[in-house]
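Asker: Please find one structure pasted underneath; my questions will follow.
The values are calculated or read from the model by the stated rules, or taken from the named source; none is laboratory data. Everything numeric in this text was worked out from a predicted model, so none of it was measured. Cβ sites come from the backbone with ideal geometry, for glycine too, and all protein chains shown count toward neighbours. Ligands, DNA and RNA are stripped out before the accessible areas are found, and what is left, the full protein with its side chains, is counted by its heavy atoms. Shrake-Rupley method; radii C 1.70, N 1.55, O 1.52, S 1.80 Å.
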Amino acid sequence: MSDSSSIKRLIVVLLFDGVDLLDVTGPPEVFALLQRETGDATGYHVVLAAETMDPVTTSAGVRVLPDLTFQEASARSIDTLMVPGSVEVDDQGRVQALADPTVVQWVKALAGRTRRIASVCVGAHILAAAGLLDGKRATTHWSTARQLAADHPSIEVDADPIFIREQNVWTGAGITACLDLSLALVAEDFGEAIALRVARQLVMYLKRPSGQSQFSVPIEPVSTTRRMDDLRHYVTRHLAELLTVGVLADHAHVSERQLTRIFKTELGMTPAAYLESARVEVARNRLESTDDTLERIASACGFHTTDTLIRAFRRKLNTTPTEYRNRFRHAGERP
């Protein structure tokens, strides 16, 4: 860690119509808390930049005022350029990440004046369109990871980590993972101890390291048939029971072979893989919010033994149930 108290670090967060509000406001909150923890000795200066000085309407409908224009930002020496994202959702609930061509062009222009670049959530699609992720490993929100991989084959898309760093380019996963990513930037500049102090202020008990799973098992894509929706609800209601392919097939009134084909077509996974994901997700929530023993959780979620529970967590989340609980146990329920 270098002594950086006298160094001015300009952090530019991009603004554009439809941008996700938390993508914009989350990182500045981390940097503001850092300055409070260190007595304003960081030199961080956060500004919001947009194409014009007109108010920008975010996806939440909240209007935000920019501090400067993209043109004005291009004349500055930028320490960190933070690129949030935006999506559109069709009438079937399918999510599509957007990359406005004007914003993409400005990202290209600003990248040359920037020490480090970080995308927040689906902002990775903008970095990709700007050519900044070519040949790199990157992450984004799980709901648009397939889109990113399909649109940009030269990128090694990994939807599992919370954030990924490739040289001076960082990509973050889910919306709230912007806090983890911002904490990682703080740790890079000022060390883990100060980053941990900020994490405590954010009620993030332990900062999640780069490369660790997003600690969620999103089961996507969204099913498009009533039969699959019924099956998923049935699984949720009967997780503690022995749910074989035969049991599910009987419930759906189809053959086992046809059931496997339905799961592959609708969800892109086998029935067994879906069951494990669903059980891990429920176990994850219990670990966060209850005092239940691992034995009780394993039984309630259909794993039956703690060894099976542990193996599933290692496969899906690259951690153990105990490690997960230590990181994400809710404040009021910590021993």
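Asker: Quote to one decimal, in nm, the extra length available between M53 and D17 on full extension: 0.36 nm per residue of separation minus the C-alpha distance between them.
Answerer: Here the answer is 11.7 nm.
Asker: I'd like the per residue volume of the convex hull spanned by the Cα atoms of the chain, given in cubic angstrom.
Answerer: Cα convex hull per residue, to the nearest whole number: 145 Å³.
Asker: In the stretch 21-62, what is the volume of the convex hull around the alpha carbon atoms, normalised per residue and reported in Å³?
Answerer: Per residue, the Cα convex hull of the stretch 21-62 comes to 80 Å³.
Asker: How much of the accessible area of the chain, in percent, comes from carbon and sulfur atoms when a 1.4 Å probe is used?
Answerer: 49 percent
Asker: Tell me the per residue accessible area of the chain using a 1.4 Å probe; a whole number in Å² is fine.
Answerer: 47 Å²
Asker: In the chain, which whole DSSP H runs stretch at least 20 Å along their own axis (Cα) and average -0.5 or higher on the Kyte-Doolittle scale?
Answerer: Those that clear 20 Å and a mean of -0.5 are 21-37, 271-289.
Asker: Rounded to the nearest 0.05, what FRET efficiency is calculated for K108 and A150 with R0 set to 25 Å and r the Cβ-Cβ distance?
Answerer: On the way: r = 22 Å, r/R0 = 0.87.
E between K108 and A150, to the nearest 0.05, is 0.70.
Asker: Give the distance, in whole Å, between the Cα centre of the stretch 232-247 and the Cα centre of the stretch 282-313.
Answerer: 16 Å
Asker: Mind ranking S299, S74 by accessible surface for me, highest first, 1.4 Å probe?
Answerer: S299, S74
Asker: Given all pairs of different Cα atoms, what value in angstroms does the Kirkwood hydrodynamic radius of the stretch 43-89 take?
Answerer: Value: 12.1 Å, from the Cα pair sum.
Asker: Nothing charged except the Cβ atoms of Lys and Arg (+1) and of Asp and Glu (-1): what's the magnitude of the dipole of the stretch 26-81 about its Cα centre? Round to the nearest 20 debye.
Answerer: Working: 3 positive and 8 negative charges, 13 e Å.
It works out to roughly 60 debye.
Asker: Give, rounded to the nearest 20 debye, the magnitude of the charge dipole that the chain has about its Cα centre when Lys and Arg contribute +1 at Cβ and Asp and Glu contribute -1 at Cβ.
Answerer: Magnitude of the dipole: close to 720 debye.
Asker: Multiply the residue separation of A252 and A272 by 0.36 nm, subtract the distance between their alpha-carbon atoms, and state the gained length in nm to one decimal.
Answerer: Net length gain for the segment: 5.6 nm.
Asker: To continue, here is another question. List the pair-distance distribution P(r) of the stretch 64-130, using every Cα-Cα distance, as the percent of pairs falling in each 10 Å bin from 0 up to the bin containing the longest distance, rounded to whole percents.
Answerer: Once binned at 10 Å, the Cα pair distances of the stretch 64-130 give 20, 49, 23, 7, 1.
Asker: Let me ask something else. For the chain, build the charge dipole from Cβ charges (+1 Lys, Arg; -1 Asp, Glu) around the Cα centre, then report which of A193, L133, V122 sits farthest towards its positive end.
Answerer: A193
Asker: Let me ask you something else. Can you tell me the FRET efficiency between H45 and E88 if r is taken as the Cβ-Cβ distance and R0 is 30 Å, rounded to the nearest 0.05?
Answerer: Working from the Cβ atoms, E equals 0.35.
Asker: While we're looking at this one, here's another question. Please give the per residue volume of the convex hull enclosing the alpha carbon atoms of the stretch 1-133, rounded to a whole number of Å³.
Answerer: 120 Å³
Asker: At 7 Å along the Cα-to-beta-carbon direction for both T290 and D134, put a label point, then send me their distance in nm to one decimal.
Answerer: Each label point lies 7 Å from its Cα, and together they span 5.2 nm.
Asker: Once you have the Kirkwood Rh of the stretch 245-335 from its Cα pairs, apply Stokes-Einstein at 20 °C and 1.002 mPa s and quote D in µm²/s.
Answerer: Rounded, D is 150 µm²/s.
Asker: Relative contact order of the chain: what whole-number percent is it, with Cα pairs under 8 angstrom and at least 6 residues apart?
Answerer: That works out to 13 percent.
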